[in-house]
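Structure first, commentary second.
Every number in this text was worked out from the coordinates using simple rules, so none of it is lab data. Quick caveat: nothing in here was measured; it's all calculated off a predicted structure. Cβ atoms come from the backbone with ideal geometry, glycine included; neighbour counts cover every protein chain shown.
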Amino acid sequence: MLHETIIIFTSFAYLGILFGIAYYADQRADAGRSVIASPYIYSLSLAVYATAWTFYGSVGRAASDGVGFLPIYIGPTLMIALWWVVLRKILRISKQNRITSLADFIASRYGKSALLAGLVTVIAVIGILPYISLQLKAVSNSFTILTHYPDIVTPANVAAQSIRQDNALWVALILAAFTIVFGTRHLDAAEHHQGMVAAIAFESLVKLLAFLAVGAFVTFGIYNGFGDVFARAAAVPKLREMLTPLDGVAGDYATWAWLTILSMMAIMFLPRQFQVAVIENLDEKHLNKAIWLFPVYMLAINVFVLPIAFGGLLRFPDGNVDADTFVLTLPMAEKQELLALLVFIGGLSAATGMVIVETIALSTMVCNDLVMPVLLRLRRLRLNERRDLTGLLLGIRRGAILLILLLGYLYFRLAGEAYALVSIGLISFAAVAQFAPAVLGGIFWKGGTRTGALWGLLAGFGVWLYTLLLPALARSGWLPTSMLEQGPFGIALLKPLQLFGLAGLDQISHAMIWSMIANVGAYVGVSLCVSPSAEEHRQASLFVDVFRQSGEGAGARFWRGTASAPDLYNLLARFFGTSGAAGAFADYARGKGLTWPDPQLVADADLVHYVEVQLAGAIGAASARVMVGSVVKEEALTIDEVREILDEASQAVVYSHRLEQKSRELEATSAELRAANARLTELDRLKDDFVSTVTHELRTPLTSIRAFTEILLDAPEVEIEQRKKFLGIIGKEAERLTRLINQVLDLAKIESGKADWMETRVDIKEVIRDTLAAMDQLFREKRIEVDARLPERVSTVVVDLDRMIQVMLNLLSNAVKFCDSVNGKIEIVLAESDGHVRVDVTDNGRGIDPRDHEAVFNKFHQVGDTLTDKPHGSGLGLYISRQIVEHFGGKMWVESRRGSGARFSFTLPIGAGA
Amino acid sequence: MNRFEGKGQRFVALCMLGVLLFNYPLLALFNVSGVLFGVPVLYAYVFIAWAALIALMVLIAESGS
């Protein structure tokens, strides 16, 4: 037996538990050991999205059109996929600017405009009223139904109640009292309500468990699983068509798409979602888990919606039970008292969670963005001189909470009975969707201006009032229904439900289309036509470029004026008390490396900005600006100056990029220079070596020539034979001198490019034979075995014949020089391949160290140690040979290992005309 | 920053995939009579696609964190 007192007692016990959790979490937060600093709690708190609408209304919607409840949860899932891009940015902006609410966010973005903040607040409050009334309706209805247990009643049919018995009013008052005690116990600079978040997370668990319990009971207790429910539904003709519920492209699919878009906006811009997702967020990293945990939650709470809906339709076939109440009435019909009570508590937690967060968010907005700016401007009140404003702020908030709930109750009385739960909720969704252009445009588009946002919001909200709120009131009998049917003053074109003749859509899609056209059109159009003020310009840049800013000081660049530190201190003290203000100043001073109080602490742009941001945390950006403005003397920056500051910043970025590039270029250049320097040093060394070599080379033959000449002169008695021998030596030495000098001259010619090249078609085989013949004598003298392997036919090449002989001579004489002194052997191979002829000259001397393979082709290079070994040549032969070969498009190289001879090879391209 | 941008792009692509999955014409393909695991095809499709979308969100969100 469920007596009224049991239900009431259980409800209060539940609220008591909530309060206990909140109290505990607040205590822990004050002690610095937060219980809510976890991505799981954050995700659960986001589930405040699932309200009594979800709990009762989803089933109601499913029972009427099958799938219509799903876009409300699929839309947010899609939006959450964009959170990494969108919400992360909003979070960063909000933390840097100490944003306290959605109104504060929009107002801050558009130049801290108090007017805009007020407008957003008004739209939010009016827009959310239907939603709050929905919660009241759900709680009061479920209470009425439960008290009539075991009878199942329809609340609307229960005889009219007196005020004393009016559940909804009592629910509103109790919730107001609870929220006031809950959310406005003290003023927090960061506007964090850790206790509230903990309680909301708990409520999210309760409502999920309650819903899953009733879902499992219906699906597996009353029926035999999912298949059974759907199979039985398919057997009923009326229900069968709901199994393929979508029909017609224009109608149902458009509704589906608009509902998806609408709920995508709602998950971002419902004041309570903004409150839990942005304001109460403690750590940006929590987003990582919440991005998938919250969708999982939504999926879970929707799994049993369809079985319950069909179960209800099957159980109450004559349609005298409201589908919105199936969640509760099914367990009651099955005489499950405890389950019914659990469901009631689940619905209560869904409703209270929504009401608590929503009214706290709205009351913050009403206080900071509507009432305070007005009060501060009223000079009569002399608020600027009041010592302590904390009490006043809390008072305003408490009043606002009570007022909002009573207005919600009023809406419930005026229009609530005519609509199902979901339809009421969607009206609110459409209202908050009006914030989307201003917010999303504001964080991605610097061009959006205050006037644009103002007109966009006004236009969108106006259309909302006309196409959604007005019909709601008309249907409830508060306005003549002729307005809906014939249009105002009989103008059919202006019918609120078929504006400008747009028919065939459901009410929500219709309203969304027109309000979004009006809103986005006005926002963009006006923004493009009106140029922004300096303040707007700077805020736009702070918001859009938030990831490029560093820290909270970014805003200070834009401030110029005079202020005194004690004035600022007193200002803070009025809102946070002396200890709070001293703490804030101590923090600031510590950051500057000073202590507070310290006469050196100057009231510069940084300090003024710091105080304003602190203050904004308590009373919103617009009010904070007014308050700070009252104690400092600010010189207004002109738009040009703001632009200049912004340009300076962006120019600095450009400069630093250029500097980086320059320094990279410099590094590259200096590396090149180092390499060039190394090469020059090497060349210099080679030149020195050359000079000493050449001198040595010149001196040796000169010395012997002189010596023999002197002998011949001084000793006429020398025999004729001897005399001949001496003259022969003199002749040979002179020849050596000539050769050396010729080579140096050759080198000079080739290097300066003045050499004469006589190009003719030449058979390399002949060149080799001629050279071998010329050197035959030398080979015999040195007893060197020569093995020339020359093919019968070989293609001709186009070269200078004399130069080629010079190359061959050089290679062969080198081979002779370095050949094994006892069993000298030289091998010459001529071959042809790939359009080249190739000549290899191999000796069996001591070989060349691989390190020197390239060096031997350097000019003036002498193999071996020039200091100890007797030089074997000028060091120019190979260099000149390579120059010649390369001149004719060939290559020359050496292959060798120390101790096993060397093979010099060159290739020449076969003449094109051959 | 690059890692953040890559993640952002993946999420945007995922959102687009979701828009595609939950709209005409794909939705219409499944709006037929018949059952899948005892559940009408359309409902089964929506819930399976939804779960798959969330699974991809888990993958992207937890990657590299």
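Only one residue of A:LEU745, A:PHE690, A:LEU666 has its Cα farthest out toward the positive end of the dipole of the stretch A:665-763, where Lys and Arg carry +1 and Asp and Glu -1 on Cβ, and that residue is A:LEU745.
Relative contact order of the stretch A:483-528: 19 percent, from C-alpha pairs under 8 Å at least 6 residues apart in sequence. Our summary gives chain A a relative contact order of 14 percent, counting only alpha carbon pairs under 8 angstrom and 6 or more residues apart.
Relative to the longest principal axis of the Cα atoms of chain A, the long axis of helix A:565-591 makes an angle of roughly 20 degrees. Pairwise Cα distances in the stretch A:640-747 exceed 24 Å in 63 percent of cases. Available extension along the chain between A:ASP228 and A:GLU751 is 178.4 nm, counting 0.36 nm per residue and deducting the alpha carbon span. The slack between A:ASN858 and A:VAL691, meaning 0.36 nm per residue of separation minus the straight C-alpha distance, is 58.6 nm.
Note on A:ASP684 and B:ALA13: with the Förster distance fixed at 56 Å, the Cβ-Cβ geometry gives a FRET efficiency of about 0.35. Tell me which of A:LEU812, A:LEU342, A:THR595 sits at the most positive position along the dipole axis of chain A, charges placed on C-beta atoms (Lys, Arg +1; Asp, Glu -1). Checking the options against the dipole of chain A, the answer is A:LEU342.
Relative to the dominant Cα principal axis of chain A, helix A:605-619 is inclined by about 40°. Considering helices alone, the calculated mean residue ellipticity of chain A at 222 nm is -21000 deg cm²/dmol, with DSSP H runs of length four and up weighted by -39500 (n - 2.57) and normalised per residue. Each of A:LEU778, A:THR842, A:VAL829 was placed along the dipole of the stretch A:770-857 (beta-carbon charges, centred on the mean Cα), and the one lying farthest toward the positive end is A:LEU778.
Annotation: Cα Rg of the stretch B:2-62 relative to the compact-globule expectation 2.2 N^0.38 Å equals 1.36. Temperature 4 °C, viscosity 1.567 mPa s: under these conditions the Stokes-Einstein estimate for the stretch A:278-337, based on its Kirkwood radius over C-alpha pairs, is 91 µm² per second.
Over the Cα atoms of the stretch A:758-909, the radius of gyration divided by the Kirkwood radius equals 0.95; this is the Rg/Rh ratio. Contact order, relative form, for the stretch A:1-155: 25 percent (alpha carbon pairs under 8 Å, 6 or more residues apart, mean separation divided by residue count).
Averaged over the residues of peptide A:67-75, the number of Cβ atoms from other protein chains lying within 10 Å of each residue's Cβ is 3.
The ratio of the alpha-carbon radius of gyration of the stretch A:1-115 to the globular-protein estimate 2.2 N^0.38 Å is 1.48. Counting only the Cα atoms, the protein assembly as shown fills a convex hull of 313 Å³ per residue.
Gyration tensor over the Cα atoms of the stretch A:493-541: the corresponding equivalent ellipsoid has semi-axes (square roots of 5 times the eigenvalues, largest first) of 34, 11, 6 Å.
Seen against the Cα atoms of chain A and their longest principal axis, helix A:254-269 is set at about 80 degrees. Applying 0.36 nm per residue to the separation of A:GLU721 and A:ILE491 and subtracting their alpha-carbon distance, the gain on full extension is 68.4 nm. Put simply, the amide H of A:VAL837, placed in the peptide plane, has neighbours under 5 Å in A:LEU908, A:ILE910, leaving out anything fewer than 5 places away on its chain. Rounded to the nearest whole angstrom, the semi-axes of the ellipsoid equivalent to the stretch A:434-541, taken from the Cα gyration tensor as √(5λ), stand at 33, 12, 11, largest first. Each listed q (0.12, 0.13, 0.17 Å⁻¹) maps to a log10 I(q)/I(0) for the stretch A:215-300 from the Debye sum over equal C-alpha point scatterers, namely -0.68, -0.76, -0.95. Charge dipole of the stretch A:640-747 (Cα centre as origin; +1 on each Lys and Arg Cβ, -1 on each Asp and Glu Cβ, all else neutral): 820 debye, rounded to the nearest 20. Its residues counted as N, the stretch A:4-433 yields a C-alpha radius of gyration over 2.2 N^0.38 Å of 0.98. Its Cα centre serving as origin, chain A has a Cβ charge dipole (Lys and Arg +1, Asp and Glu -1) of approximately 1860 debye. Each Lys and Arg adds +1 at its Cβ and each Asp and Glu adds -1 at its Cβ; summed about the Cα centre, the stretch A:758-909 shows a dipole of about 280 debye. Annotation: the antiparallel percentage among DSSP beta bridges lying fully within chain A is about 85.
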